[in-house]
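The values are calculated or read from the model by the stated rules, or taken from the named source; none is laboratory data. What you are looking at is a predicted structure, and each value in this text was computed from that prediction instead of being measured. All Cβ positions, glycine included, derive from the backbone under ideal geometry; neighbour counts span all protein chains shown.
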Amino acid sequence: MLEIISDAYSNGLFTSVIPQMQGSFATAMMIAGIFLCLLIGYVLGSLNFSLIVSKKMYGDDVREHGSKNAGTTNMMRTYGTKAAVLTILGDILKAVVAVLICSFLMGVMHGGYASAVGAVVGHVFPVFYKFRGGKGVATAAAAILVLNPIAFLVVIGVFLLTVIFTRYLSLGSVLAAAVVPLITFYTYFSGTSAYPGSGFAFICSLVIAIIVILKHHENLWRLAHGCETKFKFKKSKKVDKNDENDKNND
């Protein structure tokens with residue numbers, strides 16, 4: 001039973017049937033399946049939990065405070081640890097659910113990676129919140145964890161070491177994102193032959209990295225000019241809707 005489930009997860013219920021179809025129809029079905037997975041990922045990714053938590057628990061919009069970003073760090077600085085934990089758990093869960101569903105539908109290499117891209121795009125540009133979301137770090141990390149645990153370990157290692165030595169969450173996130181396509185390429189192409197769908201998986205990992213890095217363009221500018229805020233594990237003393245100075249990573 002476990003072997004059947006594992007095979008369905010790796011290869012996909014629909015993907016295993018597509019090769020039996022005729023030429024152009026099989027291609028059309030593959031493309032349609034990938035777009036379906038992108039859509040599933042996008043819809044789930046659009047459930048931005050920083051906005052949900054700030055609205056339900058505080059009757060507020062976290063985008064009106066601190067960095068103006070709908071992400072975990074801004075939740076921590078604005079509302080405290082509880083709000084931040086609920087936010088990151090929600091953002092992790094939505095990515096995990098999207099990847100699992102789409103991996104069973106279209107396999108890990110096509111459905112899983114397509115849904116990961118969709119989830120990150122949804123988090124950054126949520127359709128339910130006027131396309132103003134976060135930076136996609138936690139969502140991307142959760143997706144990578146499910147898709148490629150080895151890549152996740154490398155990524156989280158790079159992130160933690162960077163933050164420990166520099167206390168810049170933004171720098172840690174950018175460097176971790178940059179590592180994702182590199183370790184994905186090494187994982188799938190370092191052997192004698194590439195697994196089917198490896199090229200697509202690599203492209204998706206590259207897209208995810210580019211999105212996360214581009215969303216940190218302001219942080220990168222401040223890092224270059226020496227005015228980026230270092231992370232402190234505490235809640236801001238006062239919520240100030242006009243505070244433009246606390247623009248750290250989310």
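Out of everything in segment 82-116 that is over 17 Å from the mean Cα position of the chain (by Cα) and closer than 23 Å to G41 by Cα, what residue ends up being surrounded by the fewest Cβ atoms within 10 Å (Cβ to Cβ)? Full working, then the answer.
Our first condition is that a residue be over 17 Å from the mean Cα position of the chain (by Cα); within segment 82-116, this holds for 82-83, 104-107.
Still in the list and also closer than 23 Å to G41 by Cα: 104-107.
Values: F104: 19, L105: 22, M106: 28, G107: 26.
Across segment 82-116, the extreme among qualifying residues is F104.
List pairs: first residue in segment 207-230 and without any contact (Cβ under 8 Å) to a residue 24 or more places away in the chain, second residue not in a helix (DSSP H, G or I) anywhere in the structure, Cβ distance under 7 angstrom, at least six positions apart or on different chains.
Close Cβ pairs satisfying both conditions: T229/D246; T229/K247; T229/N248.
On the given criteria, is K135 basic (K, R), under 25 Å from H217 (Cβ atoms) and under 12 Å from the mean Cα position of the chain (by Cα)? Full working, then the answer.
Numbers: basic (K, R): yes; under 25 Å from H217 (Cβ atoms): yes; under 12 Å from the mean Cα position of the chain (by Cα): yes.
Spelling it out, K135 is indeed basic (K, R), under 25 Å from H217 (Cβ atoms) and under 12 Å from the mean Cα position of the chain (by Cα).
What residue, among those in segment 41-81 that are part of a helix (DSSP H, G or I), touching a helix residue (DSSP H, G or I) at 6+ places or on another chain (Cβ under 6 Å) and among the aliphatic types (A, V, I, L, M), is surrounded by the most Cβ atoms within 10 Å (Cβ to Cβ)?
Looking at residues that are part of a helix (DSSP H, G or I), touching a helix residue (DSSP H, G or I) at 6+ places or on another chain (Cβ under 6 Å) and among the aliphatic types (A, V, I, L, M), I get M75.
Has segment 189-205 got any residue that is farther than 22 Å from M106 by Cα and outside any loop (DSSP other than H, G, I, E, B)? Break it down stepwise before answering.
Keep residues of segment 189-205 that are farther than 22 Å from M106 by Cα, which gives 190-192.
Cutting the leftovers down to outside any loop (DSSP other than H, G, I, E, B) gives us none.
Within segment 189-205 (the criterion being farther than 22 Å from M106 by Cα and outside any loop (DSSP other than H, G, I, E, B)), the answer is no, since none of the residues qualifies.
I'm checking my understanding of the structure. Among residues of segment 186-216 that are touching a helix residue (DSSP H, G or I) at 6+ places or on another chain (Cβ under 7 Å) and more than 21 Å from A140 (Cα to Cα), which one is modelled with the highest pLDDT?
Taking segment 186-216 and keeping what is touching a helix residue (DSSP H, G or I) at 6+ places or on another chain (Cβ under 7 Å), we get 187-189, 194-198, 200-202, 204-209, 211-213, 215-216.
Filter once more, keeping what is more than 21 Å from A140 (Cα to Cα): 189, 194-196.
Numbers: F189: 86, A194: 69, Y195: 73, P196: 76.
Taking the candidates together, the pick is F189.
Going through segment 125-140 one residue at a time, which ones are crowded, with 24+ Cβ neighbours inside 10 Å and either part of a helix (DSSP H, G or I) or of a type in the set (K, R) (or both)?
To start, the set of residues in segment 125-140 that are crowded, with 24+ Cβ neighbours inside 10 Å comprises 133-140.
Answer for segment 125-140, where residues must be crowded, with 24+ Cβ neighbours inside 10 Å and either part of a helix (DSSP H, G or I) or of a type in the set (K, R) (or both): K135, V137, A138, T139, A140.
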